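Working notes, structure below.
The values are calculated or read from the model by the stated rules, or taken from the named source; none is laboratory data. Note that the structure is a prediction, hence the values are computed from the model and not measured. Because the Cβ atoms are built from the backbone with ideal geometry, glycine has one as well, and the counts that use them run over all protein chains shown. Calculation scope for accessible area: heavy atoms of the full protein, side chains included, ligands and nucleic acids excluded. Shrake-Rupley method; radii C 1.70, N 1.55, O 1.52, S 1.80 Å.
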Amino acid sequence: MKKLAITTAAALTALAAFCAWGGWVYEGQWGTYGPGDGQFQKPSGVVVGADGTAYVCDRENFRIQYFTANGSFLGKWGTFGSGDGEFRSPRGIAVAPGSGYVYVVDDAISCVQYFTRAGSFLGRWGSLGSGNGEFRSPDRPAIAADGKVYVSDYYNYRVQYFTSTGSYLGQWGSRGSGDGEFFFPNGLAVNAGGNVYVGEEGNNRIQYFTAAGSFL
């Protein structure tokens with residue numbers, strides 16, 4: 001018992017040192033199941049804007065909710081449907097670093113919509129298909145510092161990118177497991193240098209590329 005007590009004390013001392021050094025410390029949480037303000041049904045994407053506002057895709061409530069950095073409810077937008085400002089499956093979300101516009105990918109209606117910080121509808125693009133600017137279950141958006149919008153196109157096994165208002169710029173990828181190929185690309189991020197990182201569910205890996213899609 002004495003040995004166990006010493007071991008436990010040592011572990012607690014190590015944990016305290018880790019926390020003091022800068023380790024993770026629990027601070028709080030918010031949200032419960034339901035349709036009310038601050039409640040969720042399958043939240044599937046979250047992003048924090050430059051001002052600290054947290055935006056959440058509330059997937060099966062067909063809406064976006066937004067909060068202060070510590071979870072105080074600020075507002076929401078969206079209802080069920082396929083029209084402007086409506087959602088059927090809001091899945092991925094990103095905030096443009098310059099404008100603060102909020103981009104939402106809806107995999108059920110294969111489109112990207114974008115809004116002001118408070119949810120006023122600004123525009124949309126995309127439809128079901130495999131052509132330029134079309135999607136088959138788009139998953140996540142990511143916004144580069146220059147405003148380019150990258151979208152992981154899950155069942156088309158590619159990444160497409162656009163201007164901030166949705167004009168098609170290019171794409172890369174095809175089905176496979178080689179360099180620059182994808183098998184169910186979903187996660188997406190752009191670093192400060194403009195390189196694009198793509199996570200793949202099917203290939204269990206991360207690939208990264210230049211801003212125009214050259215494999216790195």
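So, in the range 123-153, exactly how many residues are more than 15 Å from ALA189 (Cα to Cα) and either open to solvent by 20 Å² or more (accessible area, probe 1.4 Å) or in contact (Cβ under 8 Å) with a residue 24 or more places away in the chain (or both)?
14
Among (1) closer than 22 Å to SER152 by Cβ; (2) modelled with pLDDT of 95 or more, where does THR32 come up short?
(1)
Give the residues of the range 158-193 that are in contact with a Gly (Cβ under 7 Å, 6 or more places away or on another chain), more than 19 Å from PRO97 (Cβ to Cβ) and part of a loop (DSSP other than H, G, I, E, B), sorted by residue number.
GLY173, GLY180, GLU181, PHE183, PHE184, listed by residue number.
How about the range 35-59: which of its residues are closer than 21 Å to VAL151 by Cα, open to solvent by less than 50 Å² (accessible area, probe 1.4 Å) and not in a strand (DSSP E or B)?
Result: GLY49, single match.
Could you run through the range 86-101 and say how many residues are of a type in the set (Phe, Trp, Tyr) and open to solvent by 50 Å² or more (accessible area, probe 1.4 Å)?
1
If ARG158 meets every condition in (1) under 17 Å from GLY213 (Cβ atoms); (2) of a type in the set (Lys, Arg); (3) open to solvent by 30 Å² or more (accessible area, probe 1.4 Å) apart from one, which number is that one?
In the conditions (1) under 17 Å from GLY213 (Cβ atoms); (2) of a type in the set (Lys, Arg); (3) open to solvent by 30 Å² or more (accessible area, probe 1.4 Å), ARG158 misses (3) alone.
Being over 14 Å from the mean Cα position of the chain (by Cα), of a type outside the set (Asp, Glu) and open to solvent by 20 Å² or more (accessible area, probe 1.4 Å) is the filter here, so list the residues in the range 192-208 that pass it.
Of everything in the range 192-208, those that are over 14 Å from the mean Cα position of the chain (by Cα), of a type outside the set (Asp, Glu) and open to solvent by 20 Å² or more (accessible area, probe 1.4 Å) turn out to be ALA192, GLY193, ASN195, GLY202, ASN203, ASN204, ARG205, ILE206, TYR208.
Could you please find all residues in the range 67-78 being free of Cβ contacts under 8 Å to residues at least 24 places away in the same chain and surrounded by 13 or more Cβ atoms within 10 Å (Cβ to Cβ)?
Selection gives THR68, LEU74.
When the range 60-80 is examined, which residues are found to be under 25 Å from ASN186 (Cβ atoms) and either of a type in the set (Ser, Thr, Tyr) or not in a strand (DSSP E or B) (or both)?
Result: GLU60, ASN61, PHE62, TYR66, GLY78.
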